[in-house]
């Protein structure tokens, strides 16, 4: 009986401790994951951007990769950015999908491209197994691969904010046609988007870097085939403007554009 009386208070204390931990977790605010990318000793930074590329070497992917290797060597790049649609047509089905090697590892083989690749997801990636692209197994297979939904790369002179733009687009939900999107981790959608916008806004406000760059798959403004993304114009653009973001980089439209704002 003495031993039982001794145990009960310990259980009670443990239960209270667990409750405090749970309440603390509920009250805490989310923060975007961060990576540190050191600049060169002179403070400079050089990188390449590519998007809409995963074609198993076809559609000129191999030729572009060859030129990227040459430019990467000339510029002595520090890292690369992918703006999404990493694997066509429907993402990858598992972390062991052969597309990862056929469209990435075996294509970008130049010495200069053996640097970190910071990736976001595009709409074609959402047609596959999203968790496969986010899996740490891919980084075990190729240490260059870094892919999360949304995150920040801190590089001293610049902070680069990667934003998951696909869930913003209404038609992927309302008119998916024959496509099946992997919305695990996104639903309920409004909660996901509100949290993401808040996290991006807070991260931008806290940034002390000289330059602020935001990367997403979808266009905000575009004269290309897809045109403007209305949802991003309404929801994301005001946050970028309020925080004086210097540059937004995207893919999706398969064309090269440089659009400047009259407000900046």
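The values are calculated or read from the model by the stated rules, or taken from the named source; none is laboratory data. Just so it is clear, the model here is predicted, and its values are computed rather than measured. Here the Cβ is made from the backbone with ideal geometry for all residues, glycine too, and neighbour counts use every protein chain on show.
So the values come out like this:
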quantity	calculated
Any hit, the stretch 202-210, residues being touching a strand residue (DSSP E or B) at 6+ places or on another chain (Cβ under 6 Å), surrounded by fewer than 19 Cβ atoms within 10 Å (Cβ to Cβ), closer than 21 Å to residue 49 by Cα and at pLDDT 95 or above	yes
Given (1) in contact with a strand residue (DSSP E or B) (Cβ under 7 Å, 6 or more places away or on another chain); (2) within 30 Å of residue 170 (Cβ to Cβ); (3) in contact (Cβ under 8 Å) with a residue 24 or more places away in the chain, index of the condition residue 124 fails	(1)
Unmet requirement for residue 231, which otherwise passes all of (1) part of a helix (DSSP H, G or I); (2) surrounded by fewer than 17 Cβ atoms within 10 Å (Cβ to Cβ)	(2)
Any chance residue 184 is exposed (fewer than 13 other Cβ atoms within 10 Å of the Cβ), touching a helix residue (DSSP H, G or I) at 6+ places or on another chain (Cβ under 8 Å) and either modelled with pLDDT of 95 or more or under 18 Å from residue 124 (Cβ atoms) (or both)	yes
Some residue of the stretch 220-228 being under 14 Å from residue 84 (Cβ atoms) and not in a loop (DSSP other than H, G, I, E, B)	no
Residue list for the stretch 16-45, filter: touching a helix residue (DSSP H, G or I) at 6+ places or on another chain (Cβ under 8 Å) and at pLDDT 95 or above	32
Only listed residue being surrounded by 21 or more Cβ atoms within 10 Å (Cβ to Cβ) and closer than 17 Å to residue 218 by Cβ, chosen from 84, 128	84
Any hit, the stretch 148-167, residues being touching a helix residue (DSSP H, G or I) at 6+ places or on another chain (Cβ under 9 Å), touching a residue at least 12 places away in the same chain (Cβ under 8 Å), surrounded by 15 or more Cβ atoms within 10 Å (Cβ to Cβ) and assigned to a helix (DSSP H, G or I)	yes
Qualifying residue in the stretch 184-193 (condition: assigned to a loop (DSSP other than H, G, I, E, B), within 22 Å of residue 46 (Cα to Cα) and out of contact with any strand residue (DSSP E or B) (no Cβ under 9 Å at 6 or more places or on another chain))	no
Qualifying residue in the stretch 94-101 (condition: more than 15 Å from the chain's Cα centre (by Cα), closer than 21 Å to residue 215 by Cα, buried (at least 20 other Cβ atoms within 10 Å of the Cβ) and at pLDDT 95 or above)	no
